[in-house]
């Protein structure tokens, strides 16, 4: 539990997700939706730190955490150093090209910053099979690292033919820009049925990621070592929230954290979540930690159509900090760039494992993490308790402290969110996501103390804008 | 590679699968289908050994192999010692009762003799989830043991209600006889869809084990510690071939084996298999082993309807030894009592792991092990190479030496089965199982040297008997 602060010197060209326009002054300034940016002090401080940085960087930098080691011992960084960029771009231009989808690009982002350390690129078959069958990878030294989701790139027959016998290929973004080189490639069969069955434990139609990503994809997977030509940016006004594991680790060191607890979510933060996060901090202080830091870490990649969009969620989260529901001094808000699988116990391992790489040594796990309703049957797809059970048993996650979620509900007596007390169950009101959406859509206010007013207003505005959109659509005639 | 011979003294009441009638002289003698029993010297020798045994035995005996340790360090033995049997039977009579199917009983057999060591009974949820998600179990000391198939017992709502809050239950065989006590039980949900999807990588209808065992089973699983009241016997004339892992280990020691290589099969042995087994022995001798012993280990539990039945296979195997195709001096033929899942890469791990427990330190793996055609699509269910790849990566199997299968085919020039030589591919004839069955059914002889004549005659007789059966059936009228 002793605290070691290490200063990491870096010449990373776009340090700490510094908004892109700093490098491109001619570009239009992205619209900031936040009046108060909870990360502002962090960005300023790190900008200052980066000014003392010097010299050439190596492509694979070893960055050690003071709290928890990245998987495989060192954090993977696949961004080509700036002084080699032109050379690599020239090389990429001559290679066979593979066009990435928006979601493929999210995975390139994830891989490039080392969220999936020790993975150095899209999986080859050897890694794919271990992930699919064992949810883990065996390292050369015999140690095991967790890897529950196949991180793979699919190509179709034509792309496979176009590659021919080239050992390397170039990856091109959805907009046609060169994104990366994939080296020493291996092409192998994409058995979609088996991949879906082993990842989700069902093959029922209607799994969002399977329908959006897997079913339309090609019948081949291509693995290899990835060299990403420049940092992945989205220019959506949220890039400054997309902080890499390396920079998160630095920030935790800067704040002299002696514990970092991560909270993954893809929903608005209500006061029950806040209660849980604040209570966790209290519990860590009781355990003897002096400065536990919360990593509030909303997922920023693909989500299903009826989830609240990322920009709305980020605005809502910023209100929660503005309104003082969470303390900015002990909270880091950042975007986790991964797409969402909704694969329950299999996916929760990925959510935890990737946060190890970002320096979190505590992970909060809730009821039915990464779960959803069964797509064709009237039941939850997963047993709501399996997520935390599987997480506690998962190979390669032994070093992570798992903190089970305590259930919070609206306490009609105290008129606030409280931990559920079964001895006075009738005093508690459970407000489901569906109920919350109904409130927001109808403009009805939820019970006092359910969510901070600023955050709630963000949701009301969002659902109002949706309804406006809907009324603009021509009415469909029902038969 | 040094050889240690340890003599294991045992008072096991029904030592070495000694035919049951030795204890029950009044029972009708089971019909022996083998003129020459390749195990005869083994049985005689061990009967002699058992006569010097003394004293009381403990229920959980530690049996160490000279070649490879059982999983978990000691071989599990769940048979109640004879001097405690009456007491346990009296206790079982008073407990809530669960009726076993024929296949449940095969699993009791498997568990009772320690094939699934370190498992001490049907899986509780903790073990089930680890098996389903990770194909392995983490032990208390942090080590990992392979466990790829869920070994579970399903019960229906009524059975669950009948158990009530009893901590223990009695298991009753399909014939109504008391078989075992299951202690400190845990009842949990049986999500059949998830179990099938994660075990087979498909949920397509037509998987033999799923249709026979899982779909008709209850919606609950019951786990606990198993105490088996007496050894499981089938009284089918084959019990002397059902040798426990403990007794196999003893036999390998008795023969002074310094390597044991296991060959799992559920089909008749043709000369290609024999070539492979003899060649493996040669390779082991070349590696410096002095006395490698083959464990020819046909699977004896549930198989799909169109597989050749166990009694026919055992008769065929015995002919192969009689005809000198395999050397009885360096071969042990025994029945592996497990039911067959046809779950490809997931199941091959179970086939290998259970043979570790029987003392085999080498395992021969073929093309598409435990595979079958996809039940609804015109393709193999599994990539034929995935079995050996997954086996070589599987957690907990690191200590086992995997020997990949070399492809043998009929060499039309040499007029015998030879290893396939791609430089003269046109000289080779691949005789599929379907083709072999057609030969046997039509009475046509396969090419000279495909199978020993005695073994072939067994198959011809079997298919002739099938056709007789069919002609006895009333013809169905096609629409």
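Where a number appears in this text, it was derived from the coordinates with a stated rule and is not lab data. Values in this document were obtained by computation on a predicted structure and should not be read as measured data. So basically every Cβ, Gly included, is an ideal-geometry build from the backbone, and we count neighbours across all protein chains shown.
Data overview
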| item | result |
| --- | --- |
| For residues of A:194-201, the mean tally of beta carbons on other chains within 10 Å | 6 |
| Hydrodynamic radius by Kirkwood, which averages 1/r over all alpha carbon pairs of region B:207-365, in angstrom | 17.0 Å |
| Sorted peptide list for B:138-144, A:171-177, criterion being average Cβ within 10 angstrom, highest first | A:171-177, B:138-144 |
| Computed P(r) (all Cα pairs; region A:82-228; 10 Å bins; percent) | 11, 41, 35, 12, 1 |
| Mean-position separation - Cα centroids, region A:63-120 and region A:308-357, in angstrom | 22 Å |
| Shielding score for B:136-143, defined as the mean number of other chain Cβ atoms within 10 Å | 2 |
| When the convex hull of its Cα atoms is projected in every direction, mean area for region B:364-479 (nm²) | 11.7 nm² |
| Region A:63-144: mean projected area of Cα convex hull, nm² | 7.5 nm² |
| Label distances, nm, residue A:413 versus same residue in remaining copies, Cβ-directed 7 Å point | 9.2 |
| Cα→Cβ-extended label distance, 7 Å offset, between residue B:85 and residue B:424, nm | 6.0 nm |
| Ordering of A:270-280, A:422-432 by packing [mean C-beta count within 10 Å, highest first] | A:270-280, A:422-432 |
| Exercise: per-residue mean of other protein chain Cβ atoms within 10 Å, A:126-133 | 5 |
| Per-copy distances of the residue A:465 label point, shortest first, in nm (7 angstrom along Cα→Cβ) | 7.7 |
| Translational diffusion of region A:144-197, µm² s⁻¹ [Kirkwood Rh, Cα pairs; Stokes-Einstein; 20 °C; 1.002 mPa s] | 160 µm²/s |
| Relative exposure of A:348, A:365, judged by other C-beta atoms within 10 Å (fewest first) | A:365, A:348 |
| Inter-copy separations for residue A:279, label at 7 Å along Cα-Cβ, nm, ascending | 6.5 |
| Potential lengthening between residue B:330 and residue B:165 on full extension [0.36 nm per residue; Cα-Cα distance subtracted] | 54.1 nm |
